[in-house]
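A short worksheet on the structure shown next.
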Amino acid sequence: MRVRPLFTLSLAGMLLFPSIGVAQQSAAGAQPAVQPGVIVVSYNKCSMRAPAQLDSLNALAFFPVLDELINERRLLGWGVLGHAWGDEWNYVIYYTAENVAAFHSAFNEAVRRVGQRRPDVWDAFATLCTEHKDNIYSVRRLGVQPPAP
């Protein structure tokens, strides 16, 4: 059994949807107050020196745009996972959105904005990473510890 996708979903969910766990503690059969949405995970195979370079590159161009999209409420959140142990997919970016259509709209806008501001970024990314795969997960259930009183 592959543990990585389950771990990724659990981690991203706990960090980005803390209110969902609280909402799901409502009475049996009741709809949660917040719908979970989707988590999109982009796995990248990159050279061993790439993660630090990618963080620096993305901090100049991609990450600020993602923050703008959160402030505009087009994305719920995003993050970068470090490769502590595992396989060759060593640079992981995840995004959360209300639904798949919202994610696609936000991601297309991010690509457009980055392309306008820093057209060199995508080529630089491609030289550091040879492959990538994207997975879209719908969040069905999420249990998190409620905030301390």
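Starting from the eigenvalues of the Cα gyration tensor, five times each then square-rooted, give me the equivalent ellipsoid semi-axes of the range 29-139, largest first, whole Å.
Value: 26, 18, 11 Å, ordered largest first.
Along the Cα→Cβ direction, 7 angstrom out, place labels at Arg49 and Asp120. What is the inter-label distance in nm?
Reported label-point gap for Arg49 and Asp120 is 1.7 nm.
Could you compute the net charge surrounding Arg73? Neighbours are other residues with a C-beta less than 13 Å from the C-beta of Arg73; K and R count +1, D and E count -1.
-4
Quickly work out the His132-to-His83 label distance, labels modelled 7 Å from Cα along the C-beta direction, and quote it in nm with one decimal.
1.4 nm
What does the highest-first list of 77-85, 90-98 look like by mean Cβ count within 10 Å?
Averaged packing, sorted descending, gives the order 90-98, 77-85.
Readers should treat all values here as calculations from the given coordinates under stated rules, not as data from a laboratory. This one's a predicted model, so the numbers in the text were calculated from it and none came from an experiment. Using ideal geometry, Cβ is built from the backbone for each residue, glycine included, and neighbour counts are taken over all protein chains shown.
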